[in-house]
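The values are calculated or read from the model by the stated rules, or taken from the named source; none is laboratory data. This is a predicted model, so every value here is computed, not measured. All Cβ positions, even for glycine, are placed from backbone atoms using ideal geometry, and neighbour counts span all protein chains on display.
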Amino acid sequence: MAVRQLATESGLSVQDVQLGVIELHENPSVEQQKVFSQKLESIGFSVLHSPDQHMVASVKRWVLHLVNFPDSPEAKWNTSALLVEKIGRDYKYLRTIFKQSEGQTIEQYLIKMRIERAKVLMEDLTLSFTNISDELGYSSMAHFSAQFKKQTGSSPSEYRSCLPPRKVIDQL
């Protein structure tokens, strides 16, 4: 919503906005591009100019899709094969560009995103760790637990026990 609003304020005719991508009805003038870029930077965003930056953003979008929609048809694919299919570039090239840009591999990024999603899911005390592990596409609870501990320094149960208690709805 923020990107759409800034684009409109910059005089751009917005067709669609998705994570990392804005589609316009027409090409903006140099002045409109400059104003929009400055407005984006004022809220911590930036315009991606190079094709490599676009590829990195596409990789991130697909990784987030896999983490947030584990039941989607794409989640059944091998991650590297999915990225090659959807982005249209060799995986070795994608891996190299991503590592240079982000300082981590695509796999490390995927693991970090899964663990962040796990933290959110752990707030729902009705979900078991096995449910969470399955939801995130882990092959086993042991694999999930090992990755969680490696990323956070604590086991899933230790992490959950430190969460602030939530109020029951009828006590609000």
Exercise. Name every residue in region 115-133 that is in a helix (DSSP H, G or I) and either more than 19 Å from the chain's Cα centre (by Cα) or in the same structural domain as LEU64 (by TED's automatic domain parsing) (or both), in order of residue number.
Key: PHE129, THR130, ASN131
Quiz item: Of all residues in region 86-112, which are in contact with a Ser or Thr (Cβ under 6 Å, 6 or more places away or on another chain) and hydrophobic (A, V, I, L, M, F, W, C)?
Solution: ILE87
Practice problem: Inspect region 133-149 for any residue being free of Cβ contacts under 8 Å to residues at least 40 places away in the same chain, of a type outside the set (A, V, I, L, M, F, W, C) and touching a His at 6+ places or on another chain (Cβ under 9 Å) and give the result as yes or no. | Solution: yes
Self-check item: Residue in region 33-74 that is farthest from LYS86 (Cα to Cα), counting only those that are among the charged types (D, E, K, R) and touching a residue at least 40 places away in the same chain (Cβ under 8 Å)
Solution: ASP52
Quiz item: Considering ASP16, ASP52, which residue is closer than 28 Å to GLY88 by Cβ, of a type in the set (D, E, K, R) and surrounded by 14 or more Cβ atoms within 10 Å (Cβ to Cβ)?
Solution: ASP52
Self-check item: Cross-chain or 6+ apart pairs with Cβ under 6 Å, region 86-103 first and touching a residue at least 12 places away in the same chain (Cβ under 8 Å), then of a type in the set (Ser, Thr, Tyr)
Solution: ILE87/SER58
Self-check item: Single residue of region 55-88 satisfying the filter (of a type in the set (Ser, Thr, Tyr) and within 24 Å of ASP134 (Cβ to Cβ)) that is surrounded by the most Cβ atoms within 10 Å (Cβ to Cβ)
Solution: THR79
